[in-house]
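What follows is calculated from the coordinates using simple rules that are stated; it is not laboratory data. Model, not experiment: these values are computed from the prediction. For neighbour counting, all protein chains shown are included, and Cβ atoms are generated from backbone atoms with ideal geometry for every residue, glycine included.
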Amino acid sequence: MLNEKNYKEESKTYHPKPPYLLNIIKAFVVGGLICLFGEVLTNMYVHWFGFSETEAGNPTVATLILLSSLATGLGVYDKLGQFAGAGSAVPVTGFANSVTSAALEHKSEGLVLGVATNLFKLAGSVIVFGVVSAYVLGILRYILQALF
């Protein structure tokens, strides 16, 4: 007799197995290419515009945020995310994608009540967690340095 438990067990045999290895390879390659592009940008800012290695980080991050936000607005980043999975969630570009896509989802509700209120809905928790954990780690470091 086929009850709910038997149905679930029986139906599992007909579900296709996800291609884990292929997904891992795609995520690794796409994430690596995004990081390689960031390195190319950094070298461009160092050699073409005369920034130092330390100074080149800020314009590199700003350029990656701008390009990934534009790609999100044009629908390109979503296609990249469908293909690469976690590989497209490289911290800077993935964060810019989450902020931009949340804003675009609610643009029909207006600039203030739509875009502005939903801009950091998804990314806001990441920002808060980052700030709070940096504060806690800073206090711990201060205490440890004071003790030793």
Expected sort for 91-100, 73-82 on mean C-beta neighbours within 10 Å, highest first, is 91-100, 73-82
For the S52, E109 Cβ pair and Förster radius 35 Å, calculated FRET efficiency rounded to 0.05 is 0.20
Sequence order, region 137-145: Karplus ³J(HN,Hα) from phi using 6.51 cos²θ - 1.76 cosθ + 1.60, θ = phi - 60°, Hz rounded, Gly and Pro as x, gives 5, x, 5, 4, 5, 4, 5, 5, 5
log10 I(q)/I(0) for the chain, Debye formula on C-alpha points only (no solvent), q = 0.09 Å⁻¹, two decimals, reads -0.49
Longest principal axis of the chain (C-alpha) makes with the long axis of helix 20-47 (C-alpha) an angle, in degrees to the nearest 10, of 20
